[in-house]
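Take a look at the structure set out below.
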Amino acid sequence: MKKLCLLLVTILLSSGLSAQNIKMSKESLEANQVYLSFIKMEGKEVVKIEADTTIKGTDEATFVKIKDLDFKNGVIEVKVLSRLMKNAPAFARGFIGLAFRIGDKNSTFESIYIRPTNGRADDQIRRNHSIQYFAFPDFRFDKLRKTDPEKYESYADMGLNEWITLRIEVAGQKAKLFVNNAKQPSLIVNDLKLGADKAGNIGLWIGNWTEGYFKDLKVIKK
């Protein structure tokens, strides 16, 4: 076991990567168009983010940003749990995910998120829309679905009120999403809309009518 651990460390160092377990606290987080709090679940403190129901647009800059963490290429991993607000309308899906390469004044960012209510729906079309990529502000889901149907959406098994591990690997203009430690990606984006050279903050993202929970954020910067 000790030899295996040493091997993994050697591989990590030789690849030029440095892993960080990100401590999420009031001092390190900044809410943007959402409500932020901390609660205990199963004896562990987690981040709770609630949607601002006055925001009616979709795929907005609704996230909690990690301060002082500049990210361009590498890996972001986090565990998420999604619930619908009590007064959520029928179209609510429990939208939850990650924003990355967030620009100055939160004016631009890339994002991959999930729709947990779609993962086990009886409607196959809804299942096909379980995962979504978008780029803010000009490439939101409705535009991408119209111009490139099926290209930026995919399926993975998921549900509300359960912890789901999301892992995003970013390299230049390419991003891959892995769900629940799967060996193969559930979504591959080969043409991130903001380009290969952007860098910026990471954000814990939620969409309309979502009550989202986040824990165990890890970042490997390349």
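The values are calculated or read from the model by the stated rules, or taken from the named source; none is laboratory data. All values reported here derive from a predicted model rather than from experimental measurement. Reconstructed Cβ throughout: ideal geometry from the backbone, glycine too, with neighbour counts over all protein chains shown. Side chains included, ligands, DNA and RNA excluded: accessible areas come from the protein's heavy atoms. Shrake-Rupley method; radii C 1.70, N 1.55, O 1.52, S 1.80 Å.
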Practice item. Tabulate in residue order the Karplus-calculated ³J(HN,Hα) for region 22-36, using 6.51 cos²θ - 1.76 cosθ + 1.60 with θ = phi - 60°, rounded to whole Hz; enter x for Gly and Pro. Key: 7, 7, 9, 9, 4, 6, 9, 10, 9, 7, 10, 6, 9, 9, 10
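Is there a pair in Lys56/Lys221; Lys67/Lys222; Lys79/Lys198 whose C-alpha atoms are over 27 Å apart, and which pairs would that be? Can you show the working numbers first?
Numbers: Lys56/Lys221 34 Å; Lys67/Lys222 19 Å; Lys79/Lys198 25 Å.
Distance filter (> 27 Å) returns Lys56/Lys221.
What number, in nm² with one decimal, is the all-direction average of the projected area of the convex hull of the alpha-carbon atoms of region 145-222?
Numbers: hull surface 26.3 nm².
For the Cα atoms of region 145-222, the hull's average projected area reads 6.6 nm².
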Review point. If we sort 41-54, 95-108, 75-88 on the protection proxy, mean other Cβ atoms within 10 Å, highest first, what's the order?
Key: 95-108, 75-88, 41-54
Review point. Mind checking which of Ile39, Ile202, Ile55 has the largest fluctuation in a GNM of the chain, springs on alpha carbons under 10 Å?
Key: Ile39
Practice item. Output the Cα-based Rg and Dmax of region 176-218 in Å, rounding Rg to one decimal and Dmax to a whole number. Key: 13.4, 33
Check your understanding: Measuring from label point to label point, each 7 Å out along Cα→Cβ, what is the Gln33 to Glu162 span in nm?
Key -> 3.1
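Sorting check: for 149-159, 22-32, which peptide has the highest mean count of neighbouring beta carbons within 10 Å, and how do the rest follow? Mind showing how you got there, number by number?
Values: 149-159: 17.1, 22-32: 14.5.
Packing order, densest peptide first, comes out as 149-159, 22-32.
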Revision key, fill the gap. With 0.36 nm assigned to each residue of separation and the Cα-Cα distance removed, Asp138 to Asp68 gains 22.6 nm
Review point. Which value, in debye to the nearest 20, gives the size of the charge dipole of the chain about its Cα centre, when Lys and Arg are +1 and Asp and Glu are -1 at the Cβ?
Key: 500
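Order the peptides 109-118, 127-136 from the highest to the lowest mean number of other Cβ atoms within 10 Å of their residues.
109-118, 127-136
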Practice item. Please work out the Cα center distance from region 97-150 to region 167-222, rounded to the nearest Å. Key: 11
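If R₀ is 45 angstrom, what is the calculated FRET efficiency for the pair Ala19 and Thr54, using the beta carbon separation as r and rounding to 0.05? Before the final figure, lay out each step's value.
On the way: r = 38 Å, r/R0 = 0.85.
Once rounded, the FRET efficiency stands at 0.70.
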Revision key, fill the gap. The FRET efficiency for Met41 and Lys151, from their Cβ-Cβ distance with R0 = 30 Å and rounded to 0.05, is 0.25
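Ignoring any ligand, DNA or RNA, what whole percent of the accessible area of the chain comes from carbon and sulfur when the probe is 1.4 angstrom?
On the way: 5770 of 11300 Å².
For the chain, the apolar C and S fraction of the accessible surface comes to 51 percent.
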**Study point:** Label-point gap, in nm, between Met85 and Lys174 - each point 7 angstrom along Cα→Cβ
**Key:** 3.9
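Once the Cα gyration tensor of region 117-165 is diagonalised, what are the square roots of 5 times its eigenvalues, in whole Å and ordered largest first, as equivalent ellipsoid semi-axes?
Working: eigenvalues 93, 35, 11 Å².
Over the Cα atoms of region 117-165, the ellipsoid semi-axes are 22, 13, 7 Å.
Hey, can you find the accessible area per residue of the chain for me, probe 1.4 Å, expressed in square angstrom? Each step should come with its number before you reach the end.
Details: 11300 Å² over 222 residues.
Solvent-accessible surface per residue comes out at 51 Å².
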**Study point:** Rounded to 10°, Cα long-axis angle of helix 2-14 versus longest principal axis of the chain
**Key:** 80
